[in-house]
There are 2 protein chains.
Amino acid sequence: MPLEKSRASSSTKKRVRDAEATKLRILEAAKKEFARNGLEGARVDTIALDAKANKRMLYHYFKSKDGLFRTVLEREYLNIREEETRLDLENLPPRTALETLVRFTWEYYIANPEFITLVNSENLCQAAHIRNSPTLKTISQKFVRRIQSLLDRGVRENVFRDGIDATQLNITIASINYYYFTNRFTGSVIFERNFTAPEALEERISFNIETICRLVCKN
Amino acid sequence: MPLEKSRASSSTKKRVRDAEATKLRILEAAKKEFARNGLEGARVDTIALDAKANKRMLYHYFKSKDGLFRTVLEREYLNIREEETRLDLENLPPRTALETLVRFTWEYYIANPEFITLVNSENLCQAAHIRNSPTLKTISQKFVRRIQSLLDRGVRENVFRDGIDATQLNITIASINYYYFTNRFTGSVIFERNFTAPEALEERISFNIETICRLVCKN
DNA sequence: CGCGTAACGCACCGTATAGTTACTTACACA
DNA sequence: TGTGTAAGTAACTATACGGTGCGTTACGCG
């Protein structure tokens with residue numbers, strides 16, 4: 001694993017062999033393919049081709065199609081939580097912090113459309129891949145506690161209503177943002193509007209922020 | 001199509017041939033299989049077997065796997081809208097009507113878990129099956145107008161805030177209910193609670209009703 | 001410099017899958 | 001009661017799929 005670190009980024013001569021880079025190319029290609037076609041719809045041949053890797057390598061590094069999916073999904077969860085962690089919620093006024101959180105979630109889904117589809121696939125198979133991932137549980141706990149302390153601070157400062165459950169709030173914030181994107185295709189047909197038009201996006205994020213503020217804030 | 005109406009339900013002698021009944025068995029089996037495994041994951045052989053029909057019949061009636069999926073999905077959309085129509089929103093006080101609507105959506109998803117998964121599949125393929133279904137557009141328009149007039153009435157009676165968009169409200173109501181169910185598996189892992197336990201369900205529907213009332217109602 | 005190991009590639013396998021061909025059988029209507 | 005037509009069946013096909021056996025090549029280390 002720690003091999004060839006020295007040449008990896010310093011040499012000008014093109015690397016013919018680079019395990020780490022190959023793994024990453026496979027993971028990126030897999031993310032795209034799984035997100036586009038779902039777990040069952042994704043084709044390992046397509047992933048290998050798109051990654052400019054051999055299918056044999058895919059099985060060498062990730063054991064199976066499901067192993068590959070698990071790795072992709074775990075990385076995506078780690079990524080969103082990591083970016084969330086970087087939000088400076090603690091040093092903002094409670095209401096601003098809340099709005100920041102809602103807007104972050106929204107913008108994350110826009111910037112990472114694959115995330116939603118991957119999570120949908122995982123739920124279709126009843127979370128079989130992440131069920132036993134203690135890592136995920138740990139980082140999620142941390143996140144809920146963080147929101148709880150934001151809620152507490154807001155109550156102390158007399159701007160938030162008392163008694164709001166942090167988990168329920170988290171779920172609600174995710175809901176109103178996630179649903180809009182995951183169902184944008186049927187939504188566009190049913191409501192006869194382009195869900196991804198800039199004005200539509202603007203209108204929706206405003207509505208979502210209002211929904212959450214009215215739920216949490218006093219008056 | 002109108003053949004054998006007379007014998008279909010009156011004769012005591014068991015029917016060996018019954019096109020309508022076979023179609024229905026296929027549709028029911030398909031709903032189950034598509035909901036459980038997604039569009040790509042579903043197997044036509046499994047559907048035929050479960051429907052106690054021959055695979056050839058499936059292709060005879062529905063042309064293709066996609067044709068079958070389209071039919072299943074359209075029926076599901078018609079069904080939820082039809083049940084919604086039966087809600088007596090017009091004769092209830094605005095706030096009660098709103099709560100009734102939220103609770104209906106929630107309970108519909110509980111009673112019809114397939115609906116959510118089917119819609120997810122349709123969005124994975126970018127609404128390819130329903131894109132050109134005028135029927136769906138028509139019934140959805142009708143529904144939005146109904147909610148708009150509920151909002152208008154609430155404003156007139158001075159219990160609802162002014163200026164709320166009926167479509168945004170519809171999306172939000174669907175969101176907070178839909179998301180909870182579609183992501184119940186990853187949710188149960190991440191938040192370490194059983195999303196489908198009776199107490200959890202009770203807590204969530206209360207929270208959802210509060211979310212919507214705070215969004216729409218004055219004070 | 002040579003050698004062992006890890007990266008990589010080709011060609012293949014068994015199976016499962018959507019869809020079809022060619023046929024038989026029940027029954028509504030004349 | 002005879003018959004045309006639609007309901008129903010079984011066996012089949014071509015292919016695409018996830019996965020593997022086995023050989024080759026690069027390269028870090030001693």
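The values are calculated or read from the model by the stated rules, or taken from the named source; none is laboratory data. What you see is a predicted model, and the numbers here were worked out from it, not measured in a lab. Glycine gets a Cβ as well: all are built from the backbone with ideal geometry, and neighbour counts include every protein chain shown. Please note that ligands, DNA and RNA were not included when accessible areas were found on the heavy atoms of the full protein model with its side chains. Shrake-Rupley method; radii C 1.70, N 1.55, O 1.52, S 1.80 Å.
Solvent-accessible surface (1.4 Å probe) assigned to B:ASP50 amounts to roughly 70 Å². Which parts of the range B:120-149, residue by residue, lose 50 Å² or more of accessible area when the rest of the protein chains are there, as against the chain isolated (1.4 Å probe)? When all protein chains are present, B:ASN123, B:LEU124, B:LYS137 each give up 50 Å² or more of accessible surface.
When only the heavy atoms of the protein chains count and the probe is 1.4 Å, how do B:LYS23, B:LYS218, A:LYS63 rank by accessible area, highest first?
Working: B:LYS23 45, B:LYS218 100, A:LYS63 160 Å².
Ranked from most to least accessible, the order is A:LYS63, B:LYS218, B:LYS23.
Mean-square fluctuations from a GNM of chain A, with a 10 angstrom spring cutoff on Cα atoms, peak among A:GLU122, A:GLU83, A:GLU107 at A:GLU83. When all protein chains stay in place and ligands, DNA and RNA are ignored, the 1.4 Å accessible-area order of B:LYS52, B:LYS31, largest first, is B:LYS52, B:LYS31. Averaged over peptide B:200-211, the number of partner chain Cβ atoms lying within 10 Å of each residue's Cβ comes to 3.
Peptide B:163-170 is shielded by partner chain Cβ atoms: per residue, an average of 4 of them sit within 10 Å of its Cβ. For the pair the range A:142-219 and the range B:75-112, the centres of their Cα atoms are 23 angstrom apart. A:ALA111 label point (Cα plus 7 Å toward Cβ) to equivalent points in the other copies: 4.3 nm, shortest first.
Assign unit charges at the C-beta atoms only (+1 for Lys and Arg, -1 for Asp and Glu), then state the dipole size of chain A relative to its Cα centre in Debye, rounded to the nearest 20.
Dipole size: approximately 1060 debye.
The other copies place their B:GLU20 label points at 6.9 nm from this one, listed shortest first, where each point is 7 Å from Cα along Cα→Cβ. Summary for A:LEU87: label point 7 Å along Cα→Cβ; distances to the equivalent points in the other copies, ascending, 3.0 nm.
Under DSSP H, which helices of chain B have Cα atoms covering 24 Å or more of the helix axis and a Kyte-Doolittle average no less than -0.5?
Details: long enough: B:19-41 (27 Å, -0.52); B:65-85 (30 Å, -1.05); B:94-111 (25 Å, -0.03); B:134-156 (33 Å, -0.42); B:198-216 (27 Å, 0.15).
Membrane-span-like by this criterion, though nothing is claimed about a membrane: B:94-111, B:134-156, B:198-216.
Rounded to the nearest 100 Å², what is the sum over both chains of accessible area buried where A meets B, with a probe of 1.4 Å?
Numbers: alone 13620 and 13570 Å², together 22130 Å².
Chain pair A/B: roughly 5000 Å² of buried accessible area.
Estimated from helices alone, the mean residue ellipticity of the protein assembly as shown at 222 nm is -23500 deg cm²/dmol (sum of -39500 (n - 2.57) over DSSP H runs with n ≥ 4, per residue).
Take A:ILE110: with every protein chain present and a 1.4 Å probe, its accessible area is about 80 Å². Looking at chain A, the accessible area is 51 square angstrom per residue; that uses a 1.4 Å probe and ignores ligands, DNA and RNA.
Considering only the other residues whose Cβ falls under 12 Å of the Cβ of B:ARG70, what net charge follows from Lys and Arg at +1 and Asp and Glu at -1? Could the numbers behind the result be given before it?
On the way: positive: B:LYS63, B:LYS65, B:ARG75, B:ARG131; negative: B:ASP66, B:GLU74, B:GLU76, B:GLU122.
For residues surrounding B:ARG70, the net value is 0.
Using the scaling law 2.2 N^0.38 Å as the reference, what is the normalised Cα Rg of the range B:71-216?
On the way: Rg = 16.0 Å, N = 146, 2.2 N^0.38 = 14.6 Å.
Normalised by 2.2 N^0.38 Å, the Cα Rg of the range B:71-216 equals 1.10.
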